[in-house]
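Inspection log for the structure reproduced underneath, given as structure tokens.
The values are calculated or read from the model by the stated rules, or taken from the named source; none is laboratory data. Keep in mind the model is a prediction, meaning the values are calculated, not measured. Please note: Cβ atoms are built from the backbone with ideal geometry, for glycine as well, and neighbour counts cover all protein chains shown.
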Amino acid sequence: MIDLYTARTPNGQKIPIMLEETGLEYTVHMVSLAGDQFKPEFLSKNPNNKIPVIVDQDGPGGEPLTLFESGAILIYLAEKSGRFMPLDPAGRALTIQWVMFQMANLGPMLGQYGHFAQSAKEQIPYASERYSKEVDRLLGVTDKRLGESAFLAGDYSIADITTYPWLWGYANYYKQDVTPWPNIVRWLDVVGARPAVQRGMSFEQG
């Protein structure tokens, strides 16, 4: 049994998708980002006060294992389940490369774009323009890759699972036009049609 502590954000949706894809048994514990992440109980699991967190009650050696950082959790679950991560070194490295691309680039820049361009109480044109341009650049990188490969790392993998909620959110939550990137449009349709992805995106407490 895996206890998942999360919220309905792009980072928070990645792990339910992965758990649904692998069929691993899990229970969702919703974390209110209005303050639950700063409570001692949550900080004992992640001192960085961020979701998601998992506690795998049947970790290595049968001992409970607590993990935070969505990329690390995805790699762990891929290795635990034997799915969505190639076994060969080159395929594994390519998959982790695109996971890191999302973690270090797409996620942070889309988050900053959303804050400064859409959520900030005070509009700062320099910041909005900076992050809008960087998001466009990163979408171009992603679209180019998806013009070369059906999925980010060849076959469907944790690279796609980690990226999908962010690009879905850009198109649907931020309501931005993604038609200039036709390969992303195709990929969003293909990944979004997977039943496990649909279940993971709409997870519930319990």
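Quick one: would you say ASN48 is outside any helix (DSSP H, G or I) and under 20 Å from PRO108 (Cβ atoms)? Give the steps one after another, and end with the answer.
Values: outside any helix (DSSP H, G or I): yes; under 20 Å from PRO108 (Cβ atoms): yes.
So ASN48 fits the description; yes.
Write out, first by first residue and then by second, each pair whose Cβ atoms fall under 6 Å of each other, whose residues are 6+ apart or on separate chains, and whose first residue, in the range 135-146, is assigned by TED's automatic domain parsing to the domain that holds GLY114 while the second is surrounded by fewer than 20 Cβ atoms within 10 Å (Cβ to Cβ) and in a helix (DSSP H, G or I).
LEU138/ASN105; ASP143/ASN183; LEU146/ASN183
So if I check each of SER157, SER149, which one is among the polar types (S, T, N, Q), assigned by TED's automatic domain parsing to the domain that holds TRP181, over 16 Å from the mean Cα position of the chain (by Cα) and closer than 22 Å to ILE17 by Cβ?
That would be SER149, the only listed residue that is among the polar types (S, T, N, Q), assigned by TED's automatic domain parsing to the domain that holds TRP181, over 16 Å from the mean Cα position of the chain (by Cα) and closer than 22 Å to ILE17 by Cβ.
Could you list, in sequence order, the residues of the range 84-109 that are within 17 Å of the chain's Cα centre (by Cα) and in a loop (DSSP other than H, G, I, E, B)?
Within the range 84-109, PHE84, MET85 meet the criteria.
Only one of (1) modelled with pLDDT under 95; (2) touching a Lys or Arg at 6+ places or on another chain (Cβ under 6 Å) is not met by PRO86, so which one is it?
Going through the list (1) modelled with pLDDT under 95; (2) touching a Lys or Arg at 6+ places or on another chain (Cβ under 6 Å), PRO86 breaks only (1).
Among the numbered criteria (1) surrounded by fewer than 19 Cβ atoms within 10 Å (Cβ to Cβ); (2) within 22 Å of VAL135 (Cβ to Cβ), which single criterion is violated by GLN57?
For GLN57, the failing item is (2).
Hey, can you tell me all the residues within the range 44-54 that are in contact with a Phe, Trp or Tyr (Cβ under 8 Å, 6 or more places away or on another chain) and surrounded by fewer than 21 Cβ atoms within 10 Å (Cβ to Cβ)?
LYS45, ASN46, ASN48, ASN49, LYS50
Of all residues in the range 87-115, count the ones that are under 29 Å from MET1 (Cβ atoms) and surrounded by 17 or more Cβ atoms within 10 Å (Cβ to Cβ).
The total comes to 7.
Check PRO108, PRO64 and return the single one that is under 22 Å from ARG145 (Cα atoms) and of a type outside the set (Asp, Glu).
On the way: PRO64 fails: under 22 Å from ARG145 (Cα atoms).
One residue alone meets the criteria, PRO108.
Name the residue, out of ILE75, ILE54, that is within 22 Å of THR162 (Cβ to Cβ), at pLDDT 95 or above and part of a helix (DSSP H, G or I).
ILE75 is the lone residue from the list that is within 22 Å of THR162 (Cβ to Cβ), at pLDDT 95 or above and part of a helix (DSSP H, G or I).
Does the range 1-39 hold any residues that are assigned to a helix (DSSP H, G or I), of a type in the set (Asp, Glu) and in contact (Cβ under 8 Å) with a residue 12 or more places away in the chain, and which are they? Steps first, answer last, please.
Of the range 1-39, the ones assigned to a helix (DSSP H, G or I) are 10-22, 36-38.
After this cut, where a residue has to be of a type in the set (Asp, Glu) as well, the list is 20-21, 36.
Passing the criteria: GLU20, GLU21.
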